[in-house]
2 protein chains.
Amino acid sequence: MNQREKFLVIGKDHPGVEVEEKVRGEFEFVGDISLPNMLHAKILRSPYAHALVKRIDTTKAEKLPGVKAVITHKDVVDRWFVRAPGTHSSNPRTLDTRIIDEKMRYVGDRVAAVAATSLEIAEEALELIEVEYEELPAVFDPVKAMQPGAPVIHDSIKLADEDIPIKNNIVGPTYMTMGDVEAGFKQADLVIENEFRSGYVHNSPMGRPACICRPLPGGGLEIWNQTQGIHVTRMCFAQTLDIPMSKIKVHRVSLGGAFGFYTYVKYSDIIGAFLALKTGLPVKIEQSREEMFFDGGRHPMVMRLKTGVKKDGTLTAMDMRLIDGVGAYVSGTSICKLSCGFFMSMYNCPNKRFDGYSAYTNTPPKGAMRGAGNPQQNFAVESQMDIIAEKLNLDPIELRLKNHLGVGHTFYGQGPDVYCTVQTCGTEQLIREGAKRIGWEHRKVITPYKDKPWVKRGIGMARGFHTSGASSAASEKPSMLILDYSSAIVKMNEDGTANLIIAAADFGTSNITAIAAIAAEELGIRYEDVIVTEADTDTTLWEYWIHASRSAYSIGTAAKRASNNAKKTILEWAAKMLSVPVDQLEARDSRIYPKATPSEGLSFREVLEYAQSQNWGTAIGTASGSAPACPPHFVVTFVEVDVDTKTGEVKVVRAVHGADVGTPILPSAVRGQLIGGLHMGIGFALTEGVVYDSVDGHVVNPNFRDYKLVTPLDMPKVETFLADTWEPTGPFGAKGVGEGALNPVAAAVYNAVYNAIGARIYTMPITPEKILNALKNKQGE
Amino acid sequence: MNQREKFLVIGKDHPGVEVEEKVRGEFEFVGDISLPNMLHAKILRSPYAHALVKRIDTTKAEKLPGVKAVITHKDVVDRWFVRAPGTHSSNPRTLDTRIIDEKMRYVGDRVAAVAATSLEIAEEALELIEVEYEELPAVFDPVKAMQPGAPVIHDSIKLADEDIPIKNNIVGPTYMTMGDVEAGFKQADLVIENEFRSGYVHNSPMGRPACICRPLPGGGLEIWNQTQGIHVTRMCFAQTLDIPMSKIKVHRVSLGGAFGFYTYVKYSDIIGAFLALKTGLPVKIEQSREEMFFDGGRHPMVMRLKTGVKKDGTLTAMDMRLIDGVGAYVSGTSICKLSCGFFMSMYNCPNKRFDGYSAYTNTPPKGAMRGAGNPQQNFAVESQMDIIAEKLNLDPIELRLKNHLGVGHTFYGQGPDVYCTVQTCGTEQLIREGAKRIGWEHRKVITPYKDKPWVKRGIGMARGFHTSGASSAASEKPSMLILDYSSAIVKMNEDGTANLIIAAADFGTSNITAIAAIAAEELGIRYEDVIVTEADTDTTLWEYWIHASRSAYSIGTAAKRASNNAKKTILEWAAKMLSVPVDQLEARDSRIYPKATPSEGLSFREVLEYAQSQNWGTAIGTASGSAPACPPHFVVTFVEVDVDTKTGEVKVVRAVHGADVGTPILPSAVRGQLIGGLHMGIGFALTEGVVYDSVDGHVVNPNFRDYKLVTPLDMPKVETFLADTWEPTGPFGAKGVGEGALNPVAAAVYNAVYNAIGARIYTMPITPEKILNALKNKQGE
């Protein structure tokens, strides 16, 4: 595209911000920080999935030398824990979690906590706490939990000052309908109904949770914590601890990975804060790898999907009933709502209905995870599309091309209230190009290994998307629960460099590098002259979580606007110096020059130094507000899988993974996201799963030996490619990429497995056992 | 004044920013900060006033366990030390100082430096460095230093890349003339000529110099140092060490007092930085109280003043020849130039001339000190005015009222290039009111103690002023050497509070409290809702040194502008919410309401929370640039002194000290400045003085036992009062106060002593010996 040819920074790769420190091992993550007189805290966890604490005695623990504080539910009676933003007066969220409760709702729930002068003493003290429990009957399956007579996990939850009663463990049902679904089914030539169950996988970033809270004079707190949103942390801590928000300062600290795990405030973080306030000393609290499995992960969903379709493949009705197993606490979030929006955005079908229920169970509370409600419904819908294609004897890719949501349609980026009209869609280009690359035309099941004729190779595909941010700017009414806007400050230095002052932290995806590149391109300076500044909640403007694949699109938009504002001042100064009207000047490659006579210009440094010597001031630009929309970025995945019909083993051997991200700001980072999404999607499909004991509910595999992440050796040969689109609402034509890259991968694998063996799996993950069973059932047919 | 009656914040007293931490002893000054693996550095000082280092052997020191680096002049050959801002390409300053030189120019000059794992090891290592010196003849008196044949202290100095030869130790002569001085003398009925010598006093803030430099990956530095200007530190370090300025981050750290001592970058600071870069480890360097006397203090001046006056008291000519003893290094500053501007601004006389010379001597380099060149000339001029009044039999206050510089006259705020037209002047009001309060009308020498009739009580007065900032905005051409502009960022929080993000640090005078009060008043919120934010050179815009009594006026102007910009956004939001045109709204007391129906408004919090829930953004305002002028604030001092004619002891027993500061932003802080100025002025007049050995040049009293600061017990009964003026160019009518408060004090004391004993002292300080000699000479007359 011509517009892209002019770019000097964008579309090229650059060393990531902080990369040098990280490569040298000098980078300080929160876990590396130590403050004088810092205490270490540790949490005592419930051994029962459902129980009441009848008696708790901390006397012995308190007497242990080095122990500075022990807290139990008695210390935090009726302290509601705000884990997600939005609970201020004009915008309340429901609450269901106390810092520490009298009632235990899952194995790993919080019984007590200790702060001591060393971690070892804290751990020893935990063992000295005497607890007497009354065990209660527990329920682990969300479908069972919704049945009458099931154990009651929460009587009620809190909304503002009201108690909202909870019935049948159902919290936050979501219902949405378009057109007339029943009429749609009547128009159909074929109605297909299937139930799909998505897996309970865990984000498992390498960087473990760590939080340091330092009490400040006057009752404030200074906080370093792993978070995808420092302003969210500030808001949540302020509301939970009843401290004025402006007395809390949260430092911007980069993350060792996140995948959504660091959106909701961690239970450990708030306990650390409470202990810091109680002791008056800085408290550090970290989670072990095992403890990480007591929180977060993808909501497992049971999805009953009914689809009506005409013989020619035209969809007439889509109806999904979804049960979302949220675990013991939900903390005001509604992944179910997001699934609803994404389901509504899958295909351009006139009649659609979504009926979703979030159900409590006595399992760890699930959280946000890359894709947030999207990969689950994608798995169901994209499996169903292949089932339909087969029944109607249509090419699965033609079925999709006929019906996919595209330009001019409404896209729901973050539940029913956050939507926009699609302006660019590369889906067709991606499908056609991917089909060519994978060899779709000639696909048939082959046996690739002469010596192992029982290994079958199949090809499958699926399509998907994700939102780019959760801006509701294009919606009729803004979503009250999503404070999704971005901000940036761009400050020029006398030497021609710029400080980019943002709250958004690097979480290892080059997200901040991309934002810096956008600022450099817009200012007209070199990438290396943009310095992403260490900052905190005091020195930055509001930034929502880094979530919803929003860094490049939403924060990039803010950085571009702020850069443009700063540039205006610099151009005015240059116009004065050069005696050339400002509209005849161009800023490019760290120089400002008359468009007509480019050799006559000045460097940024010359302009800024002169401005300083004349006391004209320091150039600064700011921006804060919504991105213009929430455009979907589209992804199409083709995979080849080998299925060993003797062992049931499945291996993805090749993947062709294409994305429509608009302008790729950093091509290698986009490719990194696509490969990473493929990696996580393959794990979702094949190997990953948090397994809990069906009797007592404890997680049996909370470690990386037993929780099977996909390793580099398991990865297929990958080809990535991009559609050629320009998102008109995005910064320099860009959209997101991070989550779309994951969403269709599992369904593509499932479809490929079906292609290889002619038997379909409806639940996650595909274990060898399930393959062998499916083959057995098929033979039995 | 009516305008002031509306104020809710200004004109009232407020707890100082950081006051709670300071009172609790929890506040961290730089000296309190410790970093992991931090080294401690110490400097070896020259025992000779003038010498060449012929041989230096650091072998033994380097071998001492714990020593990480030793540097001598060999490590920093031709490294010019930039101590003051302005040496970038478009704005060069002269340089005369290397980090460590081969030539020693005063006792205490830098021979070598050591960084070691502890301070004790560093000190031990210094003793192991072997040095062989070639002693050179030295000169300590500036008048002698200018004579042909005097020892040559500097052959040449550096300007950009050129060597500028130095003759007769004279650096930077200053000459300025108005009218025709010789003609003026011819018109005079009386011509008086006297020589005055001002003292060499030291700033002596309680907080000692401390600097921590931490090397950053990529060759950068993170710095915590005691400084009156973090951006100046950044600029100076970058230029001295040849590091890109944007790789240096200087934290805003509050000072334990300053009085100008923390303007120029300290020799120890830059040595610490060099050692940090050399070792790759953080280095802390502090100065002992003794070392502090090796740097800084007030330039002692020899002033020959010739004044022509008519019988009716009309001044016809003023001519000053001034010799400024700068010490061993001057580092581009020219206090002499400032004296010139202030001398030209004393009286409205048509014919004036100033002929000033800065002369090197083999004494410690002097620096900037409260009043910077003003109190010296004030002492001379105001002594002379009393001499004239007596000769002409005029009342000294009437002589001053007849001639003082006032409204409509040109005021030189920072040397000849920085000037403005005086718009408000409370001098007459101050003189009349002060005279009434002290009982001027009935003044005569009394003997206040019946049992000690030899104690004589006299009354004296003097008038003075100082600039409010050094903005050259009103001058014909901006001063190339003074990058005196201010900046502020005001960021609103969702809870209705504001972060004030500025580079200017609190140096204990409530200067930042005053700026916060200005921001609160302008925004329309409560004082306690303005949070002055911890920040650094990355997150703040350029701010010049806090100097020239500029905090309230110059930074206050920036804070007011930034607050106004932020308020505009908030008012627009409120207008939308209330459906009231923005120009009909008022922001006051943390509420925004229609002027017509004040009860219908919203709180700031309600507006900001709603704006956030609607994703409108975060309100921010910025401002950067010159203050509109450099208006003088005027001060008049009346003192009563007791002179013990037996012992020669002088005691100031009562002071009436009035100031024209425009609007007093914080009345108690203004009063604090007036009392503090009086304190420092009395010390200047009576007790303080750095004494060096006349043979070898070493400072004999570098400690608080021998250097006599005025103690609380020595202070007189003080009455302060303010003129009723409103500075139209100032924020809410304000001007400065800090330095004016000091400037006329010494002259008032000298005049009072004369009044008491009828003998005049022309040199500083007034020692008992001088009193007894003066009485003896008088008797002998």
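Please treat every number below as a calculation from the coordinates, not as lab data. No experiment lies behind these values; they were computed from the predicted model shown. With ideal geometry, Cβ positions are generated from the backbone for all residues, glycine too; neighbour counts draw on all protein chains shown.
Assorted remarks:
- Summed residue charge, Cβ within 10 Å of A:Ala41's Cβ, Lys/Arg positive, Asp/Glu negative: +2
- Cβ-Cβ FRET estimate between A:Asn703 and A:Ile170, R0 fixed at 41 Å, reported to 0.05: 0.80
- In the frame of its principal axes, the range A:631-754 has Cα extents of 54, 33, 23 Å, reported largest first.
- Using a 7 Å Cα-to-Cβ projection, B:Lys278 label spacings across copies, nm, ascending: 5.1
- Straightening the chain between B:Glu572 and B:Thr117 buys 158.0 nm, computed as 0.36 nm per residue apart minus the Cα-Cα spacing.
- A straight chain from B:Arg526 to B:Glu62 at 0.36 nm per residue would run longer than the Cα-Cα distance by 161.3 nm.
- FRET efficiency estimate (nearest 0.05) - Cβ-Cβ, A:Glu476 to A:Tyr762, R0 35 angstrom: 0.40
- Cβ nearest the rotation axis (B onto A), residue from chain B and distance to the nearest whole Å: B:Thr539, 2
- Going from the residue with the fewest nearby Cβ atoms within 10 Å to the one with the most, A:Arg4, B:Arg45 rank A:Arg4, B:Arg45.
- Two-decimal Rg to Rh for the protein assembly as shown - Kirkwood Rh, Cα set: 1.05
- Ordering B:Ser624, A:Ser358 from the fewest to the most neighbouring beta carbons within 10 Å gives B:Ser624, A:Ser358.
- Relative packing of A:387-400, B:55-68, B:380-393, A:731-744, which averages over residues the other C-beta atoms within 10 Å, highest first: A:731-744, B:380-393, A:387-400, B:55-68
- Highest average first, the peptides B:499-505, A:668-674 ordered by how many other beta carbon atoms sit within 10 Å of their residues are B:499-505, A:668-674.
- By the helix-only formula, in which each DSSP H run with n ≥ 4 contributes -39500 (n - 2.57) and the sum is divided by residues, chain A has a 222 nm mean residue ellipticity of -7500 deg cm²/dmol.
- Where a label projected 7 Å from the Cα of B:Asp714 along Cα→Cβ would reach, residues of the range B:749-781 with amide N under 13 Å: B:765-768
- Each of B:Ser118, B:Ser475 was scored by other Cβ atoms within 10 Å of its Cβ. Arranged with the fewest first, they read B:Ser118, B:Ser475.
- Near B:Gly625: Cβ cut-off under 11 Å, other residues only, Lys/Arg at +1 and Asp/Glu at -1. The net charge is 0.
- Cut-off 11 Å between beta-carbons: net charge of the residues surrounding A:Val76, Lys and Arg +1, Asp and Glu -1: +1
- For peptide A:496-508, the mean count of partner chain Cβ atoms within 10 Å of a residue's Cβ comes to 2.
- Per-residue mean of foreign Cβ neighbours for B:485-495 is 6 (Cβ atoms of other chains, 10 Å radius).
- Across peptide B:603-613, the average count of Cβ atoms from other chains found within 10 Å of a residue's Cβ is 4.
- Cβ-vector label at 7 Å, B:Lys708, separations to other copies in nm: 8.9
- Sites matching trypsin sites (Lys or Arg not before Pro) across the range B:445-512 that sit in DSSP coil, with at most 12 neighbouring C-beta atoms within 10 Å: B:Lys450
- Applying the criteria of a DSSP loop state and at most 15 other Cβ atoms within 10 Å to the trypsin sites (Lys or Arg not before Pro) of the range B:122-198 yields no site.
- The convex hull defined by the C-alpha atoms of chain B has an orientation-averaged projected area of 35.6 nm².
- Placing a label point 7 Å from the Cα of B:Thr410 along the Cα-to-Cβ direction, the distances to the matching points in the other copies come to 7.2 nm, shortest first.
- B:Lys310 versus B:Thr177: modelled label distance in nm, points set 7 Å from Cα along the beta carbon direction: 2.3 nm
- Percentage, to the nearest whole number, of Cα pairs in the range B:164-236 over 13 Å apart: 84 percent
- For the range A:584-709, a crude dipole built from +1 on the beta carbon of Lys and Arg and -1 on the beta carbon of Asp and Glu, taken about the Cα centre, is about 300 debye to the nearest 20.
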